[in-house]
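Notes to accompany the following structure.
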Number of protein chains: 2
Amino acid sequence: MDDIKTPAALLTHNDEYFMREALRQAKIAFDADEVPIGAVVVHQNRIVARAHNQVEVLKDPTAHAEIVAITQAANTLSSKWLNDCKLYVTIEPCSMCAGALVLARIKTLYFGAKDPKAGACGSCLNIANHTALNHRMNVVEGILAQECGALISDFFKRKRIDQAKFN
Amino acid sequence: MDDIKTPAALLTHNDEYFMREALRQAKIAFDADEVPIGAVVVHQNRIVARAHNQVEVLKDPTAHAEIVAITQAANTLSSKWLNDCKLYVTIEPCSMCAGALVLARIKTLYFGAKDPKAGACGSCLNIANHTALNHRMNVVEGILAQECGALISDFFKRKRIDQAKFN
């Protein structure tokens, strides 16, 4: 009977589906002239938070997609710990966000493209899996990496062109 | 004329004064049954943000004193960067908060007691001054360290007693 899928299994979305939802959030950020990064939090195969970077509109350096998504998910689930949650984000989290994932006890982190300049989940530092800290998580990287990275590259290319126009 | 103090100089508060304000915030957290950590942000000798840990009341793992204080200060100054600001916090910031200080470009961090378990400004990690990141800050530690640390110790002692009562 192993080959007969249960209704629950049929409903199971895959990691690419959730990363596409994060990418949709990143595109909202792009259109709002924010650094285009998006995130979703998934609990029991259901999205419980969707967020994008809002640093410019809120004039708040802490308003990264992951921080906003964690706050939303904790609110939705009425829990300060997100032990059974997966977080999907288009770009490798920075130190602040990786630290927040540890505090929230996120089970698995999925990210799209690496951030060689400030990534804190393996690139510059590894806060997601640090022996000194009291929580470590599974990290899956590279989901839709090309699309996630291209959005960032396009954003900064546009910024440079805009800046050149004003000089 | 060097020995005559200007009114501005007379008004200049010292680091202990600002740390006492952070400690007042920590005591508010203590009374609210939150891990007692407080922070203030200072701009041009004026406090522009006061905050304490609100993880329990908000059920939000990101609601550390420093994060709330940075958001408040950025809002008060209408700026996502706090280049000319000093942040005073009773306990050494964790990875999330140290990462936020880097993103906010805080000029100088003053903290009271070290956090040997999760401190990310020299104890476990050093995110406040990491060669790979694009901002580094002055760090002054040990201001009212005994009082800041004692508040945390008393809090967890009370927690253990309360827990023992229910077992």
Exercise. Taking the condition at pLDDT below 95 and either within 23 Å of A:His52 (Cβ to Cβ) or outside any strand (DSSP E or B) (or both), does A:Arg160 pass?
Worked result: yes
Exercise. Which one is farthest from A:Val140 (Cα to Cα) among residues in segment A:98-124 that are more than 9 Å from every other protein chain (Cβ to nearest Cβ) and of a type in the set (Val, Ile, Thr)?
Worked result: A:Ile106
Problem set entry | Among the residues listed as B:Glu66, B:Glu147, the single one being among the charged types (D, E, K, R) and touching a Pro at 6+ places or on another chain (Cβ under 9 Å) | B:Glu66
For this session: Take A:Pro61 and decide whether it is in a loop (DSSP other than H, G, I, E, B), in contact with a Ser or Thr (Cβ under 9 Å, 6 or more places away or on another chain) and away from every other protein chain (no Cβ under 13 Å).
Result: no
Seminar exercise, completed: Restricting segment B:28-47 to residues that are farther than 14 Å from B:Phe156 by Cα and not aliphatic (A, V, I, L, M), the one surrounded by the most Cβ atoms within 10 Å (Cβ to Cβ) turns out to be B:Gly38
Exercise. Can you tell me which residue in segment B:142-167 is nearest to B:Asp15 (Cα to Cα), limited to those that are hydrophobic (A, V, I, L, M, F, W, C) and touching a residue at least 60 places away in the same chain (Cβ under 8 Å)?
Worked result: B:Ile143
For this session: Scan segment A:64-78 residue by residue and report those that are facing chain B (nearest Cβ under 7 Å) and surrounded by 18 or more Cβ atoms within 10 Å (Cβ to Cβ).
Result: A:Ile67, A:Ile70, A:Thr71, A:Ala74
For this session: Could you tell me whether B:Ile91 is buried (at least 24 other Cβ atoms within 10 Å of the Cβ) and either without any contact (Cβ under 8 Å) to a residue 40 or more places away in the chain or facing chain A (nearest Cβ under 10 Å) (or both)?
Result: no
Exercise. Only one residue in A:Lys165, A:Lys114 is in contact with a Ser or Thr (Cβ under 8 Å, 6 or more places away or on another chain) and not aliphatic (A, V, I, L, M). Which one?
Worked result: A:Lys114
For this session: Name the single residue, out of those in segment A:125-136 being over 21 Å from B:Val55 (Cα atoms) and more than 9 Å from chain B (Cβ to nearest Cβ), that is farthest from the chain's Cα centre (by Cα).
Result: A:Thr131
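The values are calculated or read from the model by the stated rules, or taken from the named source; none is laboratory data. None of these values were measured; they are calculated from a predicted model. Methodologically, a virtual Cβ is constructed for each residue, glycine included, from the backbone with ideal geometry; neighbour enumeration extends over all protein chains shown.
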